[in-house]
1. Could you work out, residue by residue across A:301-314, how many beta carbons of other chains sit within 10 Å of that residue's beta carbon, and then give the average as an integer?
2. Shape call for the protein assembly as shown from the C-alpha gyration tensor, a ≥ b ≥ c root eigenvalues: rounded (a/c under 1.5), prolate (a/b greater than b/c) or oblate?
3. Give A:K272/B:K296; A:K296/B:K316; A:K296/B:K272; A:K272/A:K296 a once-over and call out the pairs whose C-alpha atoms are over 26 Å from each other.
4. If you stretched the chain out fully between A:E380 and A:A199, how much longer would it get, using 0.36 nm times the residue separation minus the C-alpha to C-alpha distance?
5. From other protein chains only, count the Cβ atoms within 10 Å of every residue's Cβ in A:91-101, then give the mean.
6. Please give the FRET efficiency for A:Q426 paired with B:R287, using the beta carbon to beta carbon distance and R0 = 51 Å, rounded to the nearest 0.05.
7. Taking every pair of distinct Cα atoms and averaging 1/r, then inverting, what Kirkwood hydrodynamic radius in Å comes out for segment B:282-431?
8. When the scattering of segment B:161-301 is computed by the Debye formula from its Cα atoms alone, each counted once and equally, what is log10 I(q)/I(0) at q = 0.10, 0.11, 0.18, 0.19 Å⁻¹?
There are 2 protein chains.
Amino acid sequence: MFRAYYLLESEGLIVARPRSGYFVSDVEGNRSGSNRGPARKTSDAPGIADDALLRLMDSIKYKNIVALGSAFANDSLFPMSGLWRCFTSVARNMDHEKMLSGFPPGDEELRRQIALRYLIAGAALPMEEIVITTGALEALTLSLQALTRPGDTIAIERPTFHGALQAVQRHHLKAVEIPVDPLTGLDLDALAVALDQHAIRACWFMTSFHNPTGATMSDERKRALIDLLAAHQVPLIEDDVYSELYFGTTPVRPAKLYDTHGLVLHCGSFSKCLAPGFRIGWVAAGRYVHQIEQAKCVAAPPADVPAQLAISSYLKEGGYDRFLRSLRRNLASNQAQMLAAIRAYFPQGTEAFAPRGGYFVWIEMPAHVDALRLFSATMESGISIAPGPIFSATGEFRRYVRLNYGHPWTTVVERAMQTIGALAAQQRHVS
Amino acid sequence: MFRAYYLLESEGLIVARPRSGYFVSDVEGNRSGSNRGPARKTSDAPGIADDALLRLMDSIKYKNIVALGSAFANDSLFPMSGLWRCFTSVARNMDHEKMLSGFPPGDEELRRQIALRYLIAGAALPMEEIVITTGALEALTLSLQALTRPGDTIAIERPTFHGALQAVQRHHLKAVEIPVDPLTGLDLDALAVALDQHAIRACWFMTSFHNPTGATMSDERKRALIDLLAAHQVPLIEDDVYSELYFGTTPVRPAKLYDTHGLVLHCGSFSKCLAPGFRIGWVAAGRYVHQIEQAKCVAAPPADVPAQLAISSYLKEGGYDRFLRSLRRNLASNQAQMLAAIRAYFPQGTEAFAPRGGYFVWIEMPAHVDALRLFSATMESGISIAPGPIFSATGEFRRYVRLNYGHPWTTVVERAMQTIGALAAQQRHVS
């Protein structure tokens, strides 16, 4: 349900012109990871990845598409009927007082519940630090606006959630790209170099279940990241919307946990782990909380109040953790199915990076495969995939594809995987 | 109800630093109106008006305040129970398809109903030109973003809805201020000079029931405005949220009516005339409709879908015009009461500009009155007023006050008017 919006929200944002001029990827780091190409300064970027992004977004309208390119898990995995029941009951009892309760910084009970989630993850955050937002994207954008002005430089990841690429453009920023290894995550050496070479105002990183690679930094590396940024007094916008989706029983911890300087603005959301379509996110904004709260007041309407109260009421009912456990099991099982399908159907030389949570698998295809051409071919077969270049300012990652296993594993999905594999194999003959 | 948000939305946006540097008011026009001070270049502005704005916004939390400084009419004037009934019924029947129907450009039936309202006002606009937004403020912001880049110059009004002042700052624009006469509206001669002297990218004007002066341009002057802008090929963002609130039986027409070049982006809302708190607005974007629709997709979540469908369903039930007629009668009667109270209680030398619609009266106080000090004094008595300087980038209009008569005329309001008058009179002795 509501995949259209989710895709818009998380797959980012149409670009009217080629992405050019603002992105530099000239940082030198420890080059052992598989994603680390030669250092270079980029100025022009292909519009072709944008076209793919537009077509991917457009595909949401077609019900019969197999949406393996989507950024959202299937509604059927979520307790939608219970949530809408809460929503209806809230709407029925809406009045002036209740409406005011949801105004910035947001419903107190909901913020208390979120603070409790942090406590479970090991971070004792006062609820006063939490500002409710219209989904995580608004949390990220408000954070970026609070920390930067046009012309400033920020550090982003390569590859990256392309909402970050679009935000850089929209806010007229410059971006330094820091490589992300699908296994170990962010290249800290490259970041250290970048911090020395550039006047970086802020970083925007996904430290757990990174989109698109699935990488999660170890606790140790998260701590090192925080120490490095603290030494430079550079704030971190931590995009952490998938962290509840860890497999197994050990929670994934945010880098925020190690932040003793209040430099981390930790952005979360219920859209990926409970309530797609309700658009309720938040930021735990550290020392920037007053700026964020003010920006939320002035630059944006309050987060949907009935939706806030509905989620708050759902959380109070106490079934959230039970639901999460079953969701995690479902996703882990789907991942196993998808990895098996990749082994069975994809051409030799394919490498899949299997994360320990979330619902994305990042796939390196054999050298003869062009992800954008593959995307065109699968779309003609009614299957969407997310081609690597949409996660890059410069059209990189042409051999890479991101697939979404957040769908019930049906024969339709199984056959779609078979088709993708066959279409990829065919490229050998035509190229 | 929901006055807090309305005030935030329409009274604009907290500023963190003094408004400075971006505003020029050096245009020379026909200087006959009462608001036209000497030409000057402004660079510094008092933070004191911002403090007043913050306090005014903060006052929303206090239930017992007499909110004559508010930008919103009292909820009791609106069919809130009927609207919430529609909303609840929509929420109960929410599903995937219905949710998608509200995605940009917005619910088709709602856009059809809005096109119908334009037709009644004399403008035959295709519904394809209409994009639904999260209130009028988003419509205005999207329009501004589509038309400008940081560093560009736009023309705004003096005095102005200060959301415009904040938008200029937030988007790092420069603004040329065009005087508005409370009786005749925008100074077209000054605008003509400004268009010759500056590279103006866009104009942002309220042509009917201007906030705060209440001025409405005549049809003839609206046409002249459109001709002037067409000659320069400069687009107009027409902020027109009060136009349904005309007194009498003759509808007020938007300048958009005369636009044959598609240069007008006409921004409307249901927040002031039907459904406060539902945050449903729109823009009829002329030749810019595709840019606006794209910007709405990429930079913002869809306008609240249950709220769109609830308003759409309310409009289809057919009671809207009957409601509007009674609202207009109520407001006209309240205005008469407020003007009588001003005559009875305010010091000699007070001049009130009575508009032919809306719910604001713009009041020029005698020379000894300082509106910011008066604001502090009335707030201590539990009464808010909107002091003139909050409508100016440069702290002008210190003798002016905007009062809101969109409240049931009770003895509490009557006594509040008496108190304001007495406090204003007292200033003679202390100054």
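Computed from the coordinates by the stated procedures, all read-outs in this text should not be read as laboratory data. Computed from a predicted structure; not experimentally measured. Note that each Cβ is placed from the backbone with ideal geometry, even for glycine, and that neighbours are counted across all protein chains shown.
1. Shielding by partners across A:301-314 averages 3.
2. prolate
3. Check vs 26 Å cut-off fails for A:K296/B:K316.
4. 60.6 nm
5. 5
6. Calculated transfer efficiency: 0.70.
7. For segment B:282-431, inverting the mean 1/r across all distinct Cα pairs yields 18.3 Å.
8. Summing over Cα pairs of segment B:161-301 leads to -0.34, -0.41, -1.18, -1.32.
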